Structure formats: structure tokens, C-alpha cells
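Okay, so here's the structure we're looking at.
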Amino acid sequence: MYWHVDDVDATLEKLLSLGAKQYEPPTERGPGFVTASVVDPFGNVLGFMYNAHYLDVLGERP
């Protein structure tokens with residue numbers, strides 16, 4: 001599962017400062033779509049992403 005964030009790089013830096021370890025560096029998956037992930041201190045992998053298309057879809061909902 002990935003959580004959508006406004007800034008992948010800033011989120012990665014914040015999580016690393018809180019004790020997480022980088023699992024996957026920021027990776028562009030396509031235009032406007034970037035993912036990354038970390039392992040938290042308890043061993044859980046946390047994925048996060050920025051996806052411009054996702055934001056476009058949200059903007060079209062009533």
C-alpha cells in the first residue's frame with residue numbers, strides 16, 4: 001500500500017530523521033508519478049507516492 005504525499009523527497013527526509021531506513025529510493029514511474037519506501041523501526045515497509053493523475057481524479061469528484 002502507498003500513501004499519497006505532496007512531496008516525496010521531504011517525506012523521505014522526515015521519515016529518515018524519525019528512525020526509518022530507506023528501502024526504495026524515490027523512483028519515477030512515469031510523468032508526474034514518483035514512489036519511495038522506508039522500513040520503520042518495527043520492520044514495517046511504508047510506501048508513499050506522488051501521483052499528479054491521482055490528484056486530477058480527486059479534483060473531478062463531486
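Answer yes or no as to whether residue 35 is surrounded by 13 or more Cβ atoms within 10 Å (Cβ to Cβ) and either among the polar types (S, T, N, Q) or modelled with pLDDT under 95 (or both). Yes; evaluated as a whole, the condition is true for this residue. Against the condition assigned to a loop (DSSP other than H, G, I, E, B), out of contact with any His (no Cβ under 9 Å at 6 or more places or on another chain) and charged (D, E, K, R), how does residue 56 come out, does it pass? Here the answer is no, as residue 56 does not meet what is asked.
I'm trying to understand the selection: among the residues of region 21-37, which are part of a strand (DSSP E or B) and over 9 Å from the mean Cα position of the chain (by Cα)? Answer for region 21-37, where residues must be part of a strand (DSSP E or B) and over 9 Å from the mean Cα position of the chain (by Cα): 21, 22, 23, 24, 25, 27, 28, 29, 30, 33. Restricting region 38-55 to residues that are modelled with pLDDT of 95 or more and among the small types (Gly, Ala, Ser), the residue that is nearest to residue 3 (Cα to Cα) is 47.
The values are calculated or read from the model by the stated rules, or taken from the named source; none is laboratory data. Fair warning: this is a prediction, and the values are worked out from it, not measured in the lab. Positions of Cβ are backbone-derived with ideal geometry, glycine not excepted, and every protein chain shown enters the neighbour counts.
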